[in-house]
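Step one of this worksheet: look at the structure below.
The values are calculated or read from the model by the stated rules, or taken from the named source; none is laboratory data. Because the structure is predicted, anything quoted here is derived from the model rather than measured. Cβ: placed from backbone, ideal geometry, glycine included. Neighbour counts: every protein chain shown.
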Amino acid sequence: MITIDEARDAVRQRAHAIRETERVPLDLALHRVLAAPVRADRPDPPFDRASMDGYALRADETASVPRDFEVVARIAAGAHVLPEVEPGKAAWVNTGAPIPPGTDAVVPVEDTRGDAKVQVLRAVKKGENVLAAGALVRPGDAVAEGLLTPERIAICAAVGALEVVVRRRPRIAVLSTGSELSEEPLAHQIRNSNGPMLKALFARAEILDLGAVPDEAGALEAAFAKGLSEADLVVSTGGVSKGEFDLVRPTLERLGVTVHVHGVQLQPGKPLLFGTKGEKAAFGLPGNPVSALVCTDLFVLPFVAARSGRGFDEVLLARRARLTGPLAASPKRRRVFPCRLQGDEVQPLPWRSSADVYSLTHSNAYVTVDIGYHLAQGAQVTCLVPERSASRTA
Ligand code: AMP
Ligand code: MG
């Protein structure tokens, strides 16, 4: 059986960014991935701009203060007719206003007294409280690339990119397998929690929901065939172990999928399967909810990130923290424990079983324990934090 790192490498090698692009309005572009850097169309600021409310004047005239200046103009942000300010005079400006010709600094209003005739109480240097034209960016500068965050959307708006060219989103077919799954379960049946979880985890992709399918060859083959033909990636849960009703692997192979990974030295998540057919890919995740989640975070979301045009390693962040309780190894497989990271401490959560979806409510990070090792309370460990949880670790 291969290691987690070997399995991740096998997946990484086959995770190519989607090339097709589309043009979308900026308002709909949150979390899309830019196909090419967005560039500035003009200098920013476009003019020498006051960065404080105060008085624009010549800095060298403040060498000996206090000194009085006659105020010859009042210039607000948006003003476009700018009077020339003669030596010994000043113009009132507000934040964001262009400073008028003849001036080279702004004395903040707090450092002055009076109004029509203003008394300057403090010397300023040339350029003080003025953002020079082009100080932030010059035309043609690359100002945004990659994932469109709210900050980058602001940047696109600032340079006039109200439509952006982004990569097509990956299309992901989600399929829950298992004859025990039912929406209105009788005593011997269970509800499908993996399907809704996966659809939520893939919210930034386009989802093809294939629902729940029983462990029957014909039904499975039809569902996987639809997924492989209509989506870039099929992600299934269940039916991927070594039992009589574990039909996912033979079904995928019948449909022409080459299996690259099946079985990883990982607990939970040992049965993980990954295969490809041309540019199409399939992940068979174990049915246990905790196993399905761990495999999604370690393998599937990195693959989806890379297909989306982001980095494979961008979505699982490493953070150092001190363990507040012990974690025991397994003799045969590297263990991955859902934990709670807060500040610089990480707390193990009670581990009941990989079927225990309830234990995940407080989880925001994983701690891995190598085969045969034991992590003592107080040990410094590396936590793996899924991107979606990074804002919940304070
Ligand atoms: P399997 O991987 O098919 O052997 O399933 C392992 C365990 O996960 C079994 O107890 C299943 O009943 C359970 N399971 C499988 N699929 C789901 C699902 N979609 N939602 C919740 N539990 C599931
Ligand atoms: Mg099953």
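Would you check if there is a residue in region 209-219 being part of a loop (DSSP other than H, G, I, E, B), within 15 Å of ligand 1 (Cβ to nearest atom) and at pLDDT below 95? No, region 209-219 contains no residue that is part of a loop (DSSP other than H, G, I, E, B), within 15 Å of ligand 1 (Cβ to nearest atom) and at pLDDT below 95.
Among the residues in region 286-294, are any out of contact with any helix residue (DSSP H, G or I) (no Cβ under 7 Å at 6 or more places or on another chain), of a type in the set (A, V, I, L, M, F, W, C) and at pLDDT 95 or above? Yes, region 286-294 has at least one match. Here the strands (runs of 3 or more DSSP E) wholly within region 7-116 that include at least 3 residues being over 30 Å from R152 (Cα atoms) are 54-57, 67-75, 89-93, 105-108, 112-114. For region 161-181, filtered to residues that are in a loop (DSSP other than H, G, I, E, B) and surrounded by 15 or more Cβ atoms within 10 Å (Cβ to Cβ), the residue that is nearest to ligand 2 (Cβ to nearest atom) is G178. If you go through region 187-204 and keep only what is assigned to a loop (DSSP other than H, G, I, E, B) and away from ligand 1 (no atom under 13 Å from the Cβ), you end up with A187, F202, A203, R204.
Based on this model, can you work out whether A219 counts as without any contact (Cβ under 8 Å) to a residue 40 or more places away in the chain and touching a strand residue (DSSP E or B) at 6+ places or on another chain (Cβ under 6 Å)? Show your work before the answer.
Values: without any contact (Cβ under 8 Å) to a residue 40 or more places away in the chain: yes; touching a strand residue (DSSP E or B) at 6+ places or on another chain (Cβ under 6 Å): yes.
Here the answer is yes, as A219 does meet what is asked.
For region 264-285, give me each residue that is within 16 Å of ligand 2 (Cβ to nearest atom), touching a residue at least 60 places away in the same chain (Cβ under 8 Å) and out of contact with any helix residue (DSSP H, G or I) (no Cβ under 6 Å at 6 or more places or on another chain). Once the filter is applied, which keeps residues that are within 16 Å of ligand 2 (Cβ to nearest atom), touching a residue at least 60 places away in the same chain (Cβ under 8 Å) and out of contact with any helix residue (DSSP H, G or I) (no Cβ under 6 Å at 6 or more places or on another chain), region 264-285 yields only K270. Taken as a whole, the structure places S241 among residues that are out of contact with any strand residue (DSSP E or B) (no Cβ under 7 Å at 6 or more places or on another chain) and farther than 20 Å from S359 by Cβ.
Of everything listed in (1) within 13 Å of ligand 1 (Cβ to nearest atom); (2) out of contact with any helix residue (DSSP H, G or I) (no Cβ under 8 Å at 6 or more places or on another chain); (3) in contact (Cβ under 8 Å) with a residue 40 or more places away in the chain; (4) not polar (S, T, N, Q), the single unmet condition for E230 is (1). Counting only helices (runs of 4 or more DSSP H) wholly contained in region 237-308, the ones carrying 3 or more residues that are more than 25 Å from R191 (Cβ to Cβ) occupy 248-254, 301-307.
Has region 235-242 got at least one residue that is modelled with pLDDT under 95 and within 16 Å of ligand 1 (Cβ to nearest atom)? There is at least one residue in region 235-242 that is modelled with pLDDT under 95 and within 16 Å of ligand 1 (Cβ to nearest atom).
Scanning region 215-233 for residues that are more than 16 Å from ligand 2 (Cβ to nearest atom) and either touching a Leu at 6+ places or on another chain (Cβ under 9 Å) or among the aromatic types (F, W, Y) (or both) turns up E221, A225, K226, G227, L228, E230, A231.
For every residue, the table says whether it meets (1) more than 20 Å from the chain's Cα centre (by Cα); (2) without any contact (Cβ under 8 Å) to a residue 40 or more places away in the chain; (3) within 21 Å of G146 (Cα to Cα); (4) surrounded by 14 or more Cβ atoms within 10 Å (Cβ to Cβ).
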| position | (1), (2), (3), (4) |
| --- | --- |
| L26 | no, no, yes, yes |
| A29 | no, no, yes, yes |
| R32 | no, no, yes, yes |
| P37 | no, no, yes, no |
| P45 | yes, no, no, yes |
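Whether a residue is farther than 25 Å from A306 by Cβ, away from ligand 2 (no atom under 16 Å from the Cβ) and part of a loop (DSSP other than H, G, I, E, B) was assessed, and E184 passes this test.
Here L317 passes the criteria (1) part of a helix (DSSP H, G or I); (2) under 12 Å from the mean Cα position of the chain (by Cα) except the one numbered (1).
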